[in-house]
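These notes concern the structure reproduced below.
The values are calculated or read from the model by the stated rules, or taken from the named source; none is laboratory data. Keep in mind that this is a model prediction, so the values were computed, not measured. Here the Cβ is made from the backbone with ideal geometry for all residues, glycine too, and neighbour counts use every protein chain on show. SASA here: full protein model, heavy atoms, side chains in, ligands and nucleic acids out. Shrake-Rupley method; radii C 1.70, N 1.55, O 1.52, S 1.80 Å.
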Amino acid sequence: MAQQRRIQLSTQRPTSTVCVLGTELSLDVHGSAPKDAVAFHVQGTPGVKLYVVHEMQSIKLPSSVCRWPLATDTEVLLAMDALSKDVGDEKVRISYFGEASGVPVARAMLYLTCVEVSLDADTNRSGAVSRTLLDKATWTWGPDGHGAILLVNCDRDDPEAKLLDNRDTTIRSYADLKDMSQMVLRTRGPRTIFTGHRLVLHVDFGNADKVGVFYGGNSVALEEYKHVLGGSKLAYAIKPSRHQEESVFYVEGLAFPDVSFSGLVAFHVTLLESPEKGLMETPIFTDTVVFRVAPWIMTPNTMAPLEVFVCSVDDNKDFVAAVGTMAEKAKCPLTVCPLPENRQDRWIQDEVEFGYIQAPHKTFPVVFDSPRDRGLKDFPVKSILGPDFGYVARQAPEGASSLDSFGNLEVSPPVTVQGKEYPLGRILIGSSFPRFGGRRMAKAVKDFLMAQQVQAPVELFSDWLHVGHVDEFLSFVPAPDRKGFRLLLASPSACYQLLKEKQEEGFGEVAMFEGLEKVPKPTINEILANESLRKFNNYVQSCISWNRDILKRALGLAETDILDIPQLFRGDVMMGARAFFPDMVNMLVLGKHLGIPKPFGPLVGGQCCLEERVRALLEPLGLTCTFIDDYFSYHVLSGEVHCGTNVRRKPFAFKWWHMVP
């Protein structure tokens, strides 16, 4: 329905007004009618389309009816579909008639100027701003949806700058402008009409701190771009150029969707009419365009690796070399965080999570910095943040726990659950659920993840672990069949079954941890006879089985989508579980290349039976297993290969705005 405005007429003097292209004017024929008038006649110049609404019917003029009754249900509407060449070049005349009068008892004249005022953005998501018939004031999801998209400008395009690009109000480079979304104001019609009218671009007060708008006027010089809207600036008066019909504004996001911010931001342009001197301006037209701030998106293990990260500390030279060899096989660049930057903090998986943001015109990676803030706390800002590489962080005012480290943050590959599609997968986080009390992920982090909408988080039970991270009992690997992946779950029961098989084959006296100095070397018989160890692993298995059921329901998995990886744990219910031998699900996945913690299991026939079983499970999927010795450099410190590495991966081909959350 066209935007409509009511116009008061006068029989004492002519009325002049603006008709904005695409809108309707409703003429108040009753308010200006003389006391003794009972009917009226209306006629206009060729550029005006006139309609009379009478008895619920709309009649286009001219018609066979010459006079219309001044009844309460009679209304005159007009529209214009061509721009005026001069001010007041079209007109409408209303003639009023008495009961038996053949001559008008009075006349009202209306002079019209048709102009175009349109605020546009990339609402059809093509990557460029264009005029559209779509409803710009709404935003809809799905492949047939519409609505403009805004990126949080959270990178730092100028290496000399101290702040993120969205934390200052200056344009330092053309690269900075390219991160922003364009918003175009079109004004056409007689330029002199804007002398008595004012155009104001404005944003709602509640969202002003979520966006920034820059405008360079007619110039392309960087120094001419000024911050005109956002923050404390709620409105900006625009003076249309005499020579240009389009004014291009650049819009940046300042904040990601969160618990108090849906991600939707509306911009408005309002045409104000200046009445007689001393009176307030009145709004006569408003156009609105709505943007949604793009969410932060995680990438699962099944996506192609683009860059591998590892920390170099005093005692992990061989580990770094092994990761480098794997990265080389996967043809993936390796970035080593040196000791001065990591300050003896080797747990790079726990410090950050790599993801990305995307709009039709631009995609770039964004690193999410966890609240743990240990030795690596400065690494994301100092070494990762840069041109087209963004940064976001959340703090834990209540104090960070181990569950706020990002080994406790994973994402599944794309899944379909009872007909509902999750084309970007589902985020997995660990919690103390179903246990009362215990550790939970910080509210600020969890709220942030929930607010992104596109990877609906699933809460798992991980507080039974000493460290408490989901990557200690699950992982995903690519597969050529079924859903395109397998879920790997640590399994004490599968491990006991394997050891029992080897015992029955006559290998009961074969010991674990051969080749490791100063490490106890229990035999298969001793492990199987250790009742307290078995009892504790029964408890661990029940915790993993609980999560197994949640994952099957939440991800729509069948048993054939899950592989059980032999694994034992040690500890007690109070202090939590730790891996009894290096935790093989805590692996590095680089395409078909897997870097798996070397378990140092019993050597049967010259081969580690644990490695042999894992190979038998994974190699038929086309995967290559490399077992990395992390025993003294990571395992004894309650971490493994995945904990000590991180991977930036290729974004999804699927566009997030095509989904329906």
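When the stretch 474-488 is filtered for residues that are modelled with pLDDT of 95 or more and either surrounded by fewer than 18 Cβ atoms within 10 Å (Cβ to Cβ) or in a loop (DSSP other than H, G, I, E, B) (or both), the ones remaining, listed by number, are A479, P480, K483, G484.
E55 falls short on exactly one of the conditions (1) surrounded by 12 or more Cβ atoms within 10 Å (Cβ to Cβ); (2) in contact (Cβ under 8 Å) with a residue 12 or more places away in the chain, and that condition is (1).
Taking the listed residues F379, F406, the one that is closer than 23 Å to P305 by Cβ, more than 20 Å from the chain's Cα centre (by Cα) and in contact (Cβ under 8 Å) with a residue 40 or more places away in the chain is F379, with no other qualifying. Set side by side, the residues I427, I384 differ, and just one is touching a helix residue (DSSP H, G or I) at 6+ places or on another chain (Cβ under 6 Å) and modelled with pLDDT of 95 or more, which is I427.
Answer yes or no as to whether G22 is within 26 Å of G98 (Cβ to Cβ), part of a loop (DSSP other than H, G, I, E, B) and open to solvent by 30 Å² or more (accessible area, probe 1.4 Å). No: the conditions fail for G22.
Residues checked against (1) hydrophobic (A, V, I, L, M, F, W, C); (2) in contact with a Pro (Cβ under 9 Å, 6 or more places away or on another chain); (3) loosely packed, with under 15 Cβ neighbours inside 10 Å:
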{"residue": "E252", "(1), (2), (3)": "no, no, no"}
{"residue": "D258", "(1), (2), (3)": "no, no, no"}
{"residue": "V310", "(1), (2), (3)": "yes, no, no"}
{"residue": "D318", "(1), (2), (3)": "no, no, yes"}
{"residue": "V352", "(1), (2), (3)": "yes, yes, no"}
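Scan the stretch 301-313 and tell me whether some residue there is of a type in the set (A, V, I, L, M), over 21 Å from G639 (Cβ atoms) and in a strand (DSSP E or B). Yes: the stretch 301-313 contains one or more residues that are of a type in the set (A, V, I, L, M), over 21 Å from G639 (Cβ atoms) and in a strand (DSSP E or B). Within this structure, V265 passes the test of being within 24 Å of G206 (Cβ to Cβ), aliphatic (A, V, I, L, M) and open to solvent by less than 30 Å² (accessible area, probe 1.4 Å). Within the stretch 599-616, the set of residues being surrounded by fewer than 23 Cβ atoms within 10 Å (Cβ to Cβ) and farther than 14 Å from I524 by Cα comprises G605, G606, Q607, E611, E612, R613, R615, A616.
Would a scan of the stretch 94-114 turn up a residue that is charged (D, E, K, R) and in the same structural domain as S16 (by the TED database)? Scanning the stretch 94-114 turns up at least one residue that is charged (D, E, K, R) and in the same structural domain as S16 (by the TED database). The number of residues in the stretch 91-103 being open to solvent by 40 Å² or more (accessible area, probe 1.4 Å) and under 24 Å from V48 (Cβ atoms) comes to 2. Out of all the residues in the stretch 158-171, which are open to solvent by 20 Å² or more (accessible area, probe 1.4 Å) and out of contact with any strand residue (DSSP E or B) (no Cβ under 8 Å at 6 or more places or on another chain)? Listed by number, the residues that qualify are D158, E160, K162, L163, R167, D168. Tell me, please, whether a residue that is open to solvent by 10 Å² or more (accessible area, probe 1.4 Å), part of a loop (DSSP other than H, G, I, E, B), closer than 30 Å to P338 by Cβ and charged (D, E, K, R) can be found in the stretch 576-584. No, every residue in the stretch 576-584 fails to be open to solvent by 10 Å² or more (accessible area, probe 1.4 Å), part of a loop (DSSP other than H, G, I, E, B), closer than 30 Å to P338 by Cβ and charged (D, E, K, R). Looking only at residues in the stretch 639-661 that are assigned to a loop (DSSP other than H, G, I, E, B) and of a type in the set (D, E, K, R), the one that is farthest from E421 (Cα to Cα) is E640.
Among the residues of the stretch 110-157, the ones that are over 23 Å from the mean Cα position of the chain (by Cα), aliphatic (A, V, I, L, M) and either under 15 Å from H361 (Cα atoms) or open to solvent by 20 Å² or more (accessible area, probe 1.4 Å) (or both) come to 1 in all.
Between A39, A71, A82, which is without any contact (Cβ under 8 Å) to a residue 60 or more places away in the chain, of a type in the set (A, V, I, L, M) and within 23 Å of T192 (Cα to Cα)? Step by step, each of A39, A71, A82 is checked, and only A82 is without any contact (Cβ under 8 Å) to a residue 60 or more places away in the chain, of a type in the set (A, V, I, L, M) and within 23 Å of T192 (Cα to Cα).
Scanning the stretch 425-444 for residues that are open to solvent by 10 Å² or more (accessible area, probe 1.4 Å), of a type in the set (A, V, I, L, M) and assigned to a loop (DSSP other than H, G, I, E, B) yields a count of 1.
Of the residues examined, L557 is one that is in contact with a helix residue (DSSP H, G or I) (Cβ under 7 Å, 6 or more places away or on another chain), at pLDDT 95 or above and either of a type in the set (S, T, Y) or surrounded by fewer than 24 Cβ atoms within 10 Å (Cβ to Cβ) (or both).
Residue-wise test of (1) surrounded by fewer than 17 Cβ atoms within 10 Å (Cβ to Cβ); (2) assigned to a strand (DSSP E or B).
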{"position": "A490", "(1), (2)": "no, yes"}
{"position": "C495", "(1), (2)": "no, no"}
{"position": "K500", "(1), (2)": "yes, no"}
{"position": "E504", "(1), (2)": "yes, no"}
{"position": "E509", "(1), (2)": "yes, no"}
{"position": "L516", "(1), (2)": "yes, no"}
{"position": "V519", "(1), (2)": "yes, no"}
{"position": "I527", "(1), (2)": "no, no"}
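Checking each residue in the stretch 445-472 for being within 23 Å of the chain's Cα centre (by Cα), part of a loop (DSSP other than H, G, I, E, B) and either more than 22 Å from S262 (Cα to Cα) or in contact (Cβ under 8 Å) with a residue 40 or more places away in the chain (or both) picks out Q452, Q453, V454, Q455, A456.
When F354, F319, F364 are checked against the criterion of being in a helix (DSSP H, G or I) and in contact with a Phe, Trp or Tyr (Cβ under 8 Å, 6 or more places away or on another chain), a single residue qualifies: F319. When the residues of the stretch 228-245 are filtered to those that are open to solvent by less than 50 Å² (accessible area, probe 1.4 Å) and part of a strand (DSSP E or B), the one that is farthest from R198 (Cα to Cα) is G230.
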